[in-house]
Amino acid sequence: MEDRLIVDFAQAVLAENDRMAAALRAEFDRRGLFCVNVLSSPGAGKTALLERTLADLAGQIPTGVLVGDLATDHDAARLRGKGARVVQVTTDGYCHLEANMVRAGLDALGLDGLRLLIVENVGNLVCPASHDLGEHARVVLFSVTEGEDKPLKYPTLFKTADLVLVSKIDLAEAVEFRREEALAAVYGVAPQAEVLEVSAKTGSGLEHWYAWLRERLQPRV
């Protein structure tokens, strides 16, 4: 019988992605650049948070942003003019960013002079979990409007989080958000993660988010 070689295509693709991600992270380290991958479900408030973040930190931290989306450049348009370099990466139907997409986006963005790189991933709690983008940290937004059991339903992504931002905290009372239940769900699947409660609308808790970013900036090179 003819010998056959069976290749796990998914594993091969992920292995290549991991190789490219490692090369990106090495480049970021050489440049003294801190990269954070921001993830959430659609509507959790990633773009609103980044709008406020860029405006508040303008002139303080040289920042670049890669915005991932299946189509349109609406989110990137919202972030432009806030004091950061912004480039849209359109995935053409892919439900997540991959390291090669980030590489292409960086060629357009340019890294010279930057100290912070923010990747706003495609709104999805499933596909992005498996793809390393060369980031130093993962930040997952968990909106009070989504239901307290969200981390239990999507544990893989939360298990990879370095920081969980409980977003839209200004709406907590209106939606009868059960804080203790939600935090128990987060810590149950992601005991390694820090948790901060924030509101991009009112600014509540954002000083802690900014401090978290500043503490992780690499020394200037």
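Read-outs: derived from the displayed coordinates by stated rules, not from any lab. Quantities reported herein were computed from a predicted structural model and do not represent experimental measurements. Note that each Cβ is placed from the backbone with ideal geometry, even for glycine, and that neighbours are counted across all protein chains shown.
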Label-point gap, in nm, between Ala77 and Arg216 - each point 7 angstrom along Cα→Cβ: 3.1
Relative contact order for segment 32-127, counting Cα pairs under 8 Å that sit 6 or more residues apart, in percent: 45
Within the chain: Cβ-based charge dipole about Cα centre, in debye rounded to nearest 20 (Lys, Arg +1; Asp, Glu -1): 680
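Tell me, in nm to one decimal, what length is gained between Leu70 and Glu180 on full extension, where the rule is 0.36 nm per residue of separation less the Cα-Cα distance? Display every interim value, and only then the final one.
Values: separation 110, 0.36 × 110 = 39.60 nm, distance 3.45 nm.
Length gained, Leu70 through Glu180: 36.2 nm.
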Label-zone membership for segment 129-161, site Glu27, 7 angstrom Cα→C-beta point, backbone N under 15 Å: 133-136
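Using only the alpha carbons of the chain, what is the convex hull's orientation-averaged projected area in square nanometres?
Numbers: hull surface 56.8 nm².
Directional mean of the projected Cα hull area for the chain stands at 14.2 nm².
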The chain, relative contact order [Cα under 8 Å, separation at least 6], %: 24
Residue-averaged [θ]222 nm for the chain, counting only DSSP H segments that reach four residues, each worth -39500 (n - 2.57): -11000 deg cm²/dmol
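What's the ranking of 80-86, 103-109, 119-125 by average number of surrounding C-beta atoms within 10 Å, highest first?
Top of the packing list down: 119-125, 80-86, 103-109.
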Cα lying deepest toward the dipole's positive end in segment 9-214, options Gly110, Ala184, Ala200, charges on Cβ: Gly110
